[in-house]
Ligand code: HPA
């Protein structure tokens, strides 16, 4: 299979100006429309397809994104792998603002989302192994890419996916920490499991944009989040560029 790298951008990454764009395609799948047109182009000489998870402009809250349509459209476009970018809150000590983490595990606290293709309607019921939710090879490649780009990353972490769009209470974050979560975000699931169901190798680059509720002395403000997004997303893009060419 030829290489076509899918990049799903989240909050703070709704467009990708570095791409040499070849075509934009609005896609209506059997499961509905994607959040935004697929942008096909080239980055570092590699074919990529970019999708803005929340739409462009940003319009779908995390609980209203049609994750199934997004992943199905990328599958039908022929992606060989997906790099997903997520803005997250930091729970454990080392997860400070602007830290980049490559999570290796997930706990799913979301509810009411269309979270499987194997629903007995679109596809027959099937129970897949999901012990290791992210693709090991992609993770290794991201870690090599970060090293080559001289960007430091935390090489593992547990991503707790919450429903949103509100942020969490202090007690919810304390519970998540007891559960073992390092990060909290609203879009990690069901995106990751849907990619696995369609056998697309998938991994995630999480950018911490605030300390989670109760983990700093202040309340969380959008100004703080936007500042961290602006500073951190350029580092994430450097890692992605490096990922595309690293061995
Ligand atoms: N909680 C959940 N999702 C988030 C946060 C948070 O604190 N920050 C960015 N996305």
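The range 1-63 to the range 99-168: how many Å between their Cα centroids?
18
Please state the relative contact order of the range 89-238 as a whole percent: Cα pairs under 8 Å, 6+ residues apart? Intermediate values should be presented prior to the final figure.
Working: 247 pairs, mean separation 60.5, N = 150.
In percent, rounded to a whole number, it is 40.
For 130, 67, which order do you get if you count the other beta carbons within 10 Å of each Cβ and list the fewest first?
Details: 130 12, 67 23.
With the sparsest Cβ surroundings first, the list reads 130, 67.
Using only the alpha-carbon atoms of the chain as identical scatterers, what base-10 log of I(q)/I(0) does the Debye formula give at q = 0.10, 0.12, 0.17 Å⁻¹?
Debye output, listed in q order: -0.43, -0.63, -1.35.
At a 10 Å Cβ-Cβ cut-off, how would you order 238, 150, 215, 59, fewest neighbours first?
Values: 238 16, 150 8, 215 20, 59 13.
By the 10 Å Cβ count, ascending: 150, 59, 238, 215.
Could you tell me how many cubic angstrom of Cα convex hull volume the range 168-247 has per residue? Walk me through the numbers before you get to the answer.
On the way: hull volume 10.0 nm³, N = 80.
Once divided by residue count, the hull of the range 168-247 is 125 Å³.
Take every DSSP beta bridge whose two residues both sit in the chain, then give the antiparallel share in percent to the nearest 5.
Working: 16 of 42 bridges.
The antiparallel fraction comes to roughly 40 percent.
Within 10 Å of each residue's Cβ, count the other Cβ atoms and sort 56, 132 from fewest upward. Provide the component values of the computation, followed by the final result.
Working: 56 17, 132 12.
Exposure proxy ranking, most exposed first: 132, 56.
Averaging the inverse of every distinct alpha carbon separation and then flipping it gives the Kirkwood radius. What is it for the range 15-73, in angstrom units?
On the way: mean 1/r = 0.0846 Å⁻¹.
Result for the range 15-73, one decimal place: 11.8 Å.
Shape verdict for the range 74-117, please, from the Cα gyration tensor: rounded (a/c under 1.5), prolate (a/b greater than b/c) or oblate.
Details: a/c = 2.99, a/b = 1.51, b/c = 1.98.
The shape class here is oblate.
Mind checking Rg over Rh on the range 1-136, alpha carbons, Kirkwood formula for Rh? Write down the numbers at each step before the final one.
Details: Rg = 15.8 Å, Rh = 16.4 Å.
On the Cα set of the range 1-136, Rg over Rh gives 0.96.
Calculate for the chain the 222 nm mean residue ellipticity that helices alone would give, adding -39,500 (n - 2.57) per DSSP H run of length 4 or more and normalising by residue count, nearest 500 deg cm²/dmol. Could you put the intermediate results ahead of the total?
On the way: 5 runs with 65 residues, N = 247.
Result for the chain: -8500 deg cm²/dmol, rounded to the nearest 500.
In nm, to one decimal, how far is the modelled label at residue 124 from the one at residue 30, with both set 7 Å along Cα→Cβ?
Label at residue 124, label at residue 30, 1.4 nm between them.
Laboratory data are not the source of any read-out in this text; all were calculated from the coordinates shown. Please read these numbers as outputs of a predicted model, since none were measured by experiment. Don't worry about glycine lacking a Cβ; one is built from the backbone with ideal geometry, like all the others, and counts go over all protein chains shown.
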